[in-house]
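Notes follow once the structure below has been shown.
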Amino acid sequence: METRSEVRRKQNQQETTNKNQERPRHHPIFIIWGTLLVVLLMVAVTFNQTLLSTHFVDHEITHTNLSSTIMDTVDNNLSQYGISTSAISDKEANKLITQAVNQVYSGQEIELNLQPVLAGVNQSASQATEQYRVELPNSITSGVSNEISGAVNSQLNTPEVKQITNAISIAKIIDHLLVVISLIGLVVMVLIAVLRKFFSRSFSWIGLWSVIIVYALVNIFGQLIIQIGKQYPDYSSFTAQLSTDFHTQALNYWLFLLVLTLLLFIWRIFSRVLKRR
């Protein structure tokens with residue numbers, strides 16, 4: 001026969017156990033791993049859409065003095081063959097730059113197609129000679145076209161450009177691996193959190209820490225681009241614009257993460273209000 005004190009003691013123990021079970025448990029290891037995966041995913045996606053994107057880099061080059069530097073190299077080689085620098089229009093210059101960027105980001109050597117430029121020069125020469133009724137053989141232009149293209153491309157394919165091409169190829173592989181690994185890891189963690197009924201509680205904290213870390217990284221990377229640009233004064237305007245546009249684009253993805261995090265916290269508050277009612 002149990003005494004009243006023993007019965008009360010058991011009831012108190014049972015109530016304490018029930019409270020502990022109802023109390024939301026924190027999952028620090030889960031939150032740490034989730035934060036790491038979210039940060040890796042955000043960094044990988046940001047770089048994939050900016051510094052590792054041919055469209056982004058092509059836009060940056062064509063809108064800064066770097067395009068003039070590249071075209072100066074082309075013009076200097078063409079002038080050695082008596083071809084005026086005015087032979088290349090701005091539209092053709094942008095096409096050549098886009099072609100070079102696409103080749104570099106594909107891991108290939110730069111092989112600019114100068115046939116449209118040379119064809120334009122040949123056409124201009126033909127029109128000029130028609131006024132004086134003088135015939136010029138096609139071999140004057142066509143015979144040296146390969147030599148001109150080879151000379152221009154060899155000037156562009158410097159050891160530095162080859163190093164950049166290799167670095168971009170490696171960076172793109174690493175970036176794709178990070179995206180795949182982080183996505184798979186996050187999908188598994190979401191399933192675990194949903195099945196154990198702590199999704200909003202854990203992922204709200206994961207989002208909060210990720211927002212703080214990603215914002216810090218965005219500012220660090222932006223400043224790092226500027227610091228690297230200071231080592232190359234000739235490209236200062238290019239690196240300044242690159243840093244600004246990178247920061248702007250990265251903040252767009254950061255804002256998306258911030259909105260998701262706020263929605264998770266709002267959902268937590270709303271859920272608590274419903275439970276109290």
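The values are calculated or read from the model by the stated rules, or taken from the named source; none is laboratory data. If you're wondering where the values come from, they're calculated on a predicted model, not measured in any experiment. Cβ sites come from the backbone with ideal geometry, for glycine too, and all protein chains shown count toward neighbours.
Observations, loosely collected:
- Extreme residue, surrounded by the most Cβ atoms within 10 Å (Cβ to Cβ), among residues of segment 201-239 that are free of Cβ contacts under 8 Å to residues at least 40 places away in the same chain and of a type in the set (A, V, I, L, M): ILE225
- Residue under evaluation PRO116, criteria (1) at pLDDT 85 or above; (2) outside the structural domain of GLN49 (by TED's automatic domain parsing), criterion not met: (1)
- Where helices (runs of 4 or more DSSP H) fall wholly inside segment 19-112, the ranges with 2 or more residues that are at pLDDT 90 or above and surrounded by 15 or more Cβ atoms within 10 Å (Cβ to Cβ) are 28-49, 54-62, 90-105.
- Test result for LEU263, surrounded by fewer than 16 Cβ atoms within 10 Å (Cβ to Cβ), more than 16 Å from the chain's Cα centre (by Cα) and closer than 30 Å to LYS197 by Cα: yes
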